[in-house]
Amino acid sequence: MNKDSSKLFITCALPYANGPCHLGHLRSTYIPADIYARYHRMKGTDVLFVCATDEHGTPIAVQAEKEGISPMDIATRNYELIRKDLELSDISFDNFSRTTDPLHYEISQNFFLDLYQKNCIYPKTIQQLYCGDCDRFLPDRYVEGTCPHCSGEGARGDHCETCGRHLEPVQLVEPKCLICQSNPEIRESNQYYFRLSHFQEQLKECIQDNPELPANVRNYTMQWINEGLKDWILTRDMDWGIPVPLDDAEGKIIYVWGEAFLGYISSAAQWARRENTPWEPYWDDRAVHFIGKDIIYHHSIFWQAMLMAYGCKLPYNIVAGEYLSLEGLKMSTSKNWVIWAADFMEKFDSDLLRYYLVANAPLTRDTDFSWDDFQRRVNDELADVVGNFLHRTFSFTHRFFQGEIPQPGSFNDYDQEVKDEIIATPKRVGEYIESFDFREGLKEIIKLAKLGNKYFNDQEPWKTVKEEGDRSATTLYLCNQLAKVISVIISPYLPVKAGEMREILGLSHDKNDILKWEDSTQFIPAGTSLIKAKPLFAKIDDETIEKEKNALYTNLEETETMDNLISIEDFAKLDLRVGKIIGAEKVKGSEKLLKLMVDVKDKQLQIVAGLATKYSSEDLLNQKVIILVNLKPAKLFGIKSEGMVLAAGDSSCILTAPDAGVGEGIR
């Protein structure tokens, strides 16, 4: 495998068209892939960077039935949202397609037929769940029940969110039809299977022999392989999807994971037809998949086995980004505990998000989005380090050298050290990007900007310009060269801000011009005029961050307080008691939250409650209130909360029991 290949095929996991993108999607997949693509274009590699929306499968069909519209309407609506999200995030795809495109149908059916003719796909009679009320077999996502492995409730017919295991619908305990909530029965059905077990040893060998695979991909895949691979069902009984291209398969479609992978190929083929250029040489030279942690086994096992069966070259690498949590809690779209890409980009530059999501942690480790930490990194690193260095350099050049890069004098040892780092840093950054260690590459850029600030401070050009003109000229000459290097090597990470930097330096900002990585170490000639600069990175104030945090927590509270019907058994699980508030104080940084200490007789509970807009700390002291004491502990603003104070939803009036005894149960 040659890292210096002349062509490169880059893909991102196909976003599923049942909703827009959130920050977790961008962090794990799209931003890292875009950095890699932009860097390689700058290196002169011929890059083909493609993606598509994944638009089949049962979740979209189920959603369409619930809304009373067609699955295509759902898919089209969300395709437009996703496409806009990715454009706002500056993801530089060469082609972004859809799996409902006719070309994708053609490629998928031909691929299926090829594997069938090679006896890699075969028919099999199996047991499946059948809903008598709906009069149909139930594909995986039409069923929910209890996981047979971990007893997790709400397990889907294909996957348990609790333990992560792959499931078949008939394995579920107490299954229910998602559409009518009836209990399905088991009936025999004819389906088609892929001979995954046949490729067990080949897959094991290719995983072990590929030194490029990240540890998280290798380890997770080997766990699956060591458990023993079983043949994989490749068809479903439903209308929404790509029809199985066999005469005796009426009413059956290719399982979404049997054709979604081919979205990489159909998107490339669509690009090839438009550009009149073959896509195959890109794949055959080197293909790299960027995916999320949750679909590692799909790509490393199912997809690679299918490629083996077809006779294709396997991907050079599969890079899997780990999860992004939010303020210390797992993201949940159902609970509105999420930040949508479009909402974020309405208020902040995309480059700030790209910076934070890369700088926060290595791609191979779970990380957390925190509004406070986002503010800190933008202010302390982008504004105070990078922005401060650039602004001082450009401002002093205008002030003392008429806006032109000065002619330097002779270099001393310190000057030479700075020059050496200017020349050496691009190579280090490039090596990190090529190794998919994007965070370390970014850290090298920040390290160079810190050196620039130190050098500027140590040289004191505001003094030497009056005493030794050559010294200040040399200082500003080197600082402008350092700024130029940053403007080039930060471009894959922050493409918009990098363009603004180069524009100030008098370098071309034409989108049609190809920026070359090797040009980063080419010094700008003395005498080059700079454009008058304004600060590139504005600091984010506390009020802005407080507003975002309040909106986030308000969304969660509103979701959690929505009225839902529950059974008497569910209500009996609630342990409601009278508690006395013995301590109360405001939560620092929040306008809404109070931290309370509540005595419920046999123990004291710490509770974070959104009551500060209605009550002061003094108002609540010694009040006897109704407490839910058996609530699972959670962290709000980093503070552990062990219960809930009952209050009216709109008015926030607390429910009191002034004459009741502390610890008394509510019946």
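The figures follow:
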read-out	value
Which listed residue is open to solvent by 80 Å² or more (accessible area, probe 1.4 Å), at pLDDT 90 or above and not basic (K, R), from E153, E161, E185	E185
Sole residue being more than 30 Å from P169 (Cα to Cα) and not polar (S, T, N, Q), chosen from Y16, Y79, Y39	Y39
Filter result (assigned to a strand (DSSP E or B), open to solvent by less than 20 Å² (accessible area, probe 1.4 Å) and either modelled with pLDDT of 90 or more or farther than 19 Å from A648 by Cα (or both)) within the range 609-625	V625
Strands (runs of 3 or more DSSP E) wholly inside the range 274-348 that include at least 2 residues being touching a Ser or Thr at 6+ places or on another chain (Cβ under 7 Å) and open to solvent by less than 10 Å² (accessible area, probe 1.4 Å)	287-292, 317-321
Residue in the range 1-15 that is surrounded by fewer than 20 Cβ atoms within 10 Å (Cβ to Cβ), on the phi > 0 side of the Ramachandran plot and without any contact (Cβ under 8 Å) to a residue 60 or more places away in the chain present	no
Which listed residue is modelled with pLDDT of 95 or more, open to solvent by 10 Å² or more (accessible area, probe 1.4 Å) and either assigned to a loop (DSSP other than H, G, I, E, B) or not small (G, A, S) (or both), from S508, S491	S491
S108 in a loop (DSSP other than H, G, I, E, B), of a type in the set (G, A, S), at pLDDT 95 or above and open to solvent by less than 40 Å² (accessible area, probe 1.4 Å)	no
Residue list for the range 77-104, restricted to those being open to solvent by less than 60 Å² (accessible area, probe 1.4 Å) and either of a type in the set (S, T, Y) or assigned to a helix (DSSP H, G or I) (or both)	N78, Y79, I82, D85, L86, S89, S92, S97, T99, T100, L103, H104
Breaking point among (1) in contact with a Cys (Cβ under 9 Å, 6 or more places away or on another chain); (2) within 20 Å of I31 (Cβ to Cβ), for I445	(1)
Residues located in the range 631-667, provided they are within 28 Å of F369 (Cα to Cα) and either at pLDDT below 90 or open to solvent by 80 Å² or more (accessible area, probe 1.4 Å) (or both)	L631, K632, P633, A634, K635, L636, F637, G638, I639, K640, S641, M644
Pair list, Cβ under 6 Å, 6 or more apart: the range 607-622 residue free of Cβ contacts under 8 Å to residues at least 60 places away in the same chain and within 11 Å of V645 (Cβ to Cβ), other residue open to solvent by 40 Å² or more (accessible area, probe 1.4 Å) and in a loop (DSSP other than H, G, I, E, B)	G610/K592
Residues of the range 211-254 classified as part of a helix (DSSP H, G or I), of a type outside the set (K, R) and surrounded by 14 or more Cβ atoms within 10 Å (Cβ to Cβ), total	7
Only one of R365, R392, R354 that is surrounded by fewer than 18 Cβ atoms within 10 Å (Cβ to Cβ) and out of contact with any strand residue (DSSP E or B) (no Cβ under 7 Å at 6 or more places or on another chain)	R365
All positions within the range 25-60 that are crowded, with 23+ Cβ neighbours inside 10 Å and among the small types (G, A, S)	S28, A33, A37, A52, G57
Filtered residue count, the range 43-89, keeping only those that are at pLDDT below 95 and among the acidic types (D, E)	2
Filter pass, R41 being of a type in the set (D, E, K, R) and more than 18 Å from the chain's Cα centre (by Cα)	yes
Residues within the range 255-273 that are over 14 Å from T11 (Cα atoms), part of a helix (DSSP H, G or I) and aromatic (F, W, Y), tallied	1
The range 581-602, subset more than 13 Å from E642 (Cβ to Cβ) and out of contact with any helix residue (DSSP H, G or I) (no Cβ under 9 Å at 6 or more places or on another chain), residue least open to solvent (accessible area, probe 1.4 Å)	V587
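The values are calculated or read from the model by the stated rules, or taken from the named source; none is laboratory data. No experiment lies behind these values; they were computed from the predicted model shown. Virtual Cβ from ideal backbone geometry, glycine too; neighbours counted across all protein chains shown. Ligands, DNA and RNA are stripped out before the accessible areas are found, and what is left, the full protein with its side chains, is counted by its heavy atoms. Shrake-Rupley method; radii C 1.70, N 1.55, O 1.52, S 1.80 Å.
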